[in-house]
Amino acid sequence: GGLGPVRGGGAGDPNATPVATFSKSYGGPDDDIATDVIQTADGGLAFVGTVNSEIVYGRPERGDVWFSKLDADGNVLVQRAIGDRPLAPAGVSAIVKAVRPTRDGGYVLIGTAASKVAGQEISDILVS
């Protein structure tokens, strides 16, 4: 299971033990990996990582970028697989390292995209 947002045990008590508000698992039977998680302005969470299970659109490619937005109770509000169909050329793999909120209420995903061109692997910065 995953650990949800934590809240302190007492108002203003710096020694209070944080208490998880939920504990849930996300993903499927294959290796689905979160690489970054942030608490959102509405008290929920947003995370990014790599999806290898058929959980988002039914048939994501192994290694697609995975973005998920959860409410404060851990319920999935938004879930997307972002991969090389149709957003990038074939043969591209992407690894997202971070998710950050934007001023307009959206999110920016930051990482790297690697592809093979003429047998040589090339890496670029990915901002989505």
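The values are calculated or read from the model by the stated rules, or taken from the named source; none is laboratory data. Just so it is clear, the structure is predicted and the values come from calculations on it, not from any experiment. Cβ placement follows ideal geometry from the backbone for every residue including glycine, while neighbour counts extend to all protein chains displayed. Note: accessible area is taken over every heavy atom of the protein model, side chains too, but ligands, DNA and RNA are not part of it. Shrake-Rupley method; radii C 1.70, N 1.55, O 1.52, S 1.80 Å.
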Subject >> Pairs where the first residue, in the stretch 19-44, is among the aromatic types (F, W, Y) and the second is open to solvent by 50 Å² or more (accessible area, probe 1.4 Å), C-beta under 7 Å, 6+ apart >> reply: F22/D73
Subject >> Residues of the stretch 38-62 that turn out to be closer than 13 Å to G27 by Cα and modelled with pLDDT of 85 or more, as a count >> reply: 3
Original post:
In the stretch 99-128, what residues are modelled with pLDDT of 80 or more, assigned to a strand (DSSP E or B) and over 17 Å from V51 (Cβ atoms)?
Top reply: R100, P101, V108, I110
**OP:** Output the residue which, of all residues in the stretch 67-79 that are touching a Ser or Thr at 6+ places or on another chain (Cβ under 9 Å) and crowded, with 17+ Cβ neighbours inside 10 Å, is modelled with the lowest pLDDT.
**Re:** F67
Original post:
Looking only at residues in the stretch 80-96 that are open to solvent by 50 Å² or more (accessible area, probe 1.4 Å) and in contact with a Ser or Thr (Cβ under 6 Å, 6 or more places away or on another chain), which one is modelled with the lowest pLDDT?
Top reply: G91
